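*Asks:* Sharing a structure below in structure tokens format, with a few things to ask.
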Amino acid sequence: MQTTRLNNGIEMPVLGYGVFQITDHEECQKCVRQAIWDGYRLFDTATAYYNEQDVGKACREMVKDGAVSREDLFLTTKVWLQDYGDGKTMQSVERSLKKMGMDYLDLVLLHQPFGNWQAAWRELEELSRSGLVRAIGVSNFTEKKLEELLDMARIIPSVNQIERHPFYTEDRYIARMKGMGVQAESWGALCEGLKGIFHNPVLTRIGERYGKSAAQVAICWNIQTGCIALVKSVRPEKMKEDIEVFDFALTQDEIREIASLDAGHSEIIDLENPVTERLLLKAKLLV
């Protein structure tokens with residue numbers, strides 16, 4: 001597994017396994033264990049996914065069995081909007097630690113750029129100094145919101161996890177984040193399976209040159225253009241396929257060809273729409 005160095009000096013894997021929408025507890029644990037056997041070391045969960053305990057349990061079991069060390073794992077979770085500020089952000093992270101059965105987390109993100117995220121960020125900064133969290137960052141922050149954060153932050157976010165795939169390349173924003181010292185991470189490396197990505201003619205044609213699938217080309221493109229990629233599947237054969245992307249490299253012409261697929265807008269969620277903000281602020285989690 002290749003890694004990249006974050007702005008605070010720690011190494012983060014460039015490819016990770018996400019557990020969004022894996023709601024069956026036994027299935028989630030089974031998938032995480034399989035992912036570790038396959039070579040995944042970065043695992044991405046969130047309070048809002050209701051499976052932090054499953055990720056933690058599977059990881060602890062694999063560490064106990066000697067399949068992997070805790071130090072080799074990179075565990076990420078996210079704080080939901082209702083826990084922004086007033087001491088609730090710290091409490092949320094403490095609950096996540098307890099659920100996962102971990103002494104520390106490698107990365108904690110603010111899940112959405114709405115509500116009192118300024119106060120929540122201040123609490124994450126305090127947590128990062130406590131040793132309970134190795135790195136802090138944000139998720140779904142648009143360029144405008146990220147600039148607002150940088151104006152008030154004492155600690156620059158290490159990561160911004162955003163929607164990014166061949167149909168929404170965000171190349172200019174990725175470059176802007178790099179200049180800010182913020183690592184881009186894609187939660188939608190395969191566009192959630194939308195827009196026929198697995199059979200896209202451009203991705204398929206490029207893949208045929210290397211004996212790779214369209215999905216593998218999209219993942220490789222994400223990583224090669226400076227973005228950490230998250231993939232998610234409950235199918236063992238697909239999980240194995242998704243990680244086999246480190247034995248080929250795209251040419252600059254191929255990267256430009258993939259960039260031509262960019263539609264210039266989100267295919268999954270419109271974070272600039274006020275309706276999106278209202279809906280997310282209303283979403284209350286059971287904790």
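*Asks:* If I filter the range 114-122 for residues that are open to solvent by less than 10 Å² (accessible area, probe 1.4 Å) and part of a strand (DSSP E or B), do I get at least one hit?
*Replies:* No: zero hits.
*Asks:* Determine the pairs where a residue that is at negative phi and surrounded by fewer than 17 Cβ atoms within 10 Å (Cβ to Cβ), located within the range 161-189, has a partner that is among the charged types (D, E, K, R) and outside any helix (DSSP H, G or I) with Cβ atoms under 8 Å apart, the partner being 6 or more residues away or on another chain.
*Replies:* Close Cβ pairs satisfying both conditions: 171/262.
*Asks:* Still on this structure, please answer the following. Please enumerate the residues belonging to the range 200-217 that are under 17 Å from residue 238 (Cα atoms) and surrounded by fewer than 19 Cβ atoms within 10 Å (Cβ to Cβ).
*Replies:* Once the filter is applied, which keeps residues that are under 17 Å from residue 238 (Cα atoms) and surrounded by fewer than 19 Cβ atoms within 10 Å (Cβ to Cβ), the range 200-217 yields 204, 211.
*Asks:* Report whether or not residue 91 is in contact with a Leu (Cβ under 7 Å, 6 or more places away or on another chain) and among the polar types (S, T, N, Q).
*Replies:* Considered against the rule, which asks whether it is in contact with a Leu (Cβ under 7 Å, 6 or more places away or on another chain) and among the polar types (S, T, N, Q), residue 91 comes out as no.
*Asks:* Further, regarding this structure: Among all residue pairs at least 6 apart or on different chains, which show Cβ distances below 6 Å where the first residue, located in the range 130-157, is assigned to a strand (DSSP E or B) and the second is open to solvent by 10 Å² or more (accessible area, probe 1.4 Å)?
*Replies:* Short answer, once both residue conditions are applied: 136/128; 139/111.
*Asks:* If you check 95, 33, 60, 134, which single one turns out to be under 17 Å from the mean Cα position of the chain (by Cα) and open to solvent by 60 Å² or more (accessible area, probe 1.4 Å)?
*Replies:* 134
*Asks:* Of all residues in the range 233-264, count the ones that are part of a helix (DSSP H, G or I) and either of a type in the set (A, V, I, L, M) or open to solvent by 80 Å² or more (accessible area, probe 1.4 Å) (or both).
*Replies:* Qualifying residue count, the range 233-264: 10.
*Asks:* Of all residues being assigned to a helix (DSSP H, G or I) and of a type in the set (Val, Ile, Thr) in the range 265-283, which is nearest to residue 197 (Cα to Cα)? Just the residue, please.
*Replies:* Per the criteria, the residue is 276.
*Asks:* Tell me, please, whether a residue that is of a type in the set (Asp, Glu) and within 21 Å of residue 182 (Cα to Cα) can be found in the range 151-162.
*Replies:* Checked the range 151-162: at least one residue is of a type in the set (Asp, Glu) and within 21 Å of residue 182 (Cα to Cα).
*Asks:* Within the range 41-56, track down each residue that is within 21 Å of residue 138 (Cβ to Cβ) and part of a helix (DSSP H, G or I).
*Replies:* Across the range 41-56, the qualifying residues are 47, 48, 49, 52, 55.
*Asks:* Looking at the range 218-232, which of the residues that are buried (at least 24 other Cβ atoms within 10 Å of the Cβ) and small (Gly, Ala, Ser) is nearest to residue 37 (Cα to Cα)?
*Replies:* 229
*Asks:* Can you report the number of residues in the range 182-232 which are of a type in the set (Gly, Ala, Ser) and either in a helix (DSSP H, G or I) or farther than 23 Å from residue 6 by Cα (or both)?
*Replies:* Residues in the range 182-232 being of a type in the set (Gly, Ala, Ser) and either in a helix (DSSP H, G or I) or farther than 23 Å from residue 6 by Cα (or both): 8 in total.
*Asks:* Do you know which of the residues in the range 36-45 that are within 16 Å of residue 241 (Cα to Cα) and either of a type outside the set (A, V, I, L, M) or open to solvent by 10 Å² or more (accessible area, probe 1.4 Å) (or both) is farthest from the chain's Cα centre (by Cα)?
*Replies:* Within the range 36-45, the match that is farthest from the chain's Cα centre (by Cα) is 37.
*Asks:* Restricting to the range 172-194, what's the tally of residues that are over 21 Å from residue 110 (Cβ atoms) and either among the hydrophobic types (A, V, I, L, M, F, W, C) or in contact with a strand residue (DSSP E or B) (Cβ under 9 Å, 6 or more places away or on another chain) (or both)?
*Replies:* Number satisfying all stated conditions: 5.
The values are calculated or read from the model by the stated rules, or taken from the named source; none is laboratory data. These numbers come from a predicted model, not from an experiment. With ideal geometry, Cβ positions are generated from the backbone for all residues, glycine too; neighbour counts draw on all protein chains shown. Areas reflect the complete protein model, heavy atoms only, side chains present, ligands, DNA and RNA absent. Shrake-Rupley method; radii C 1.70, N 1.55, O 1.52, S 1.80 Å.
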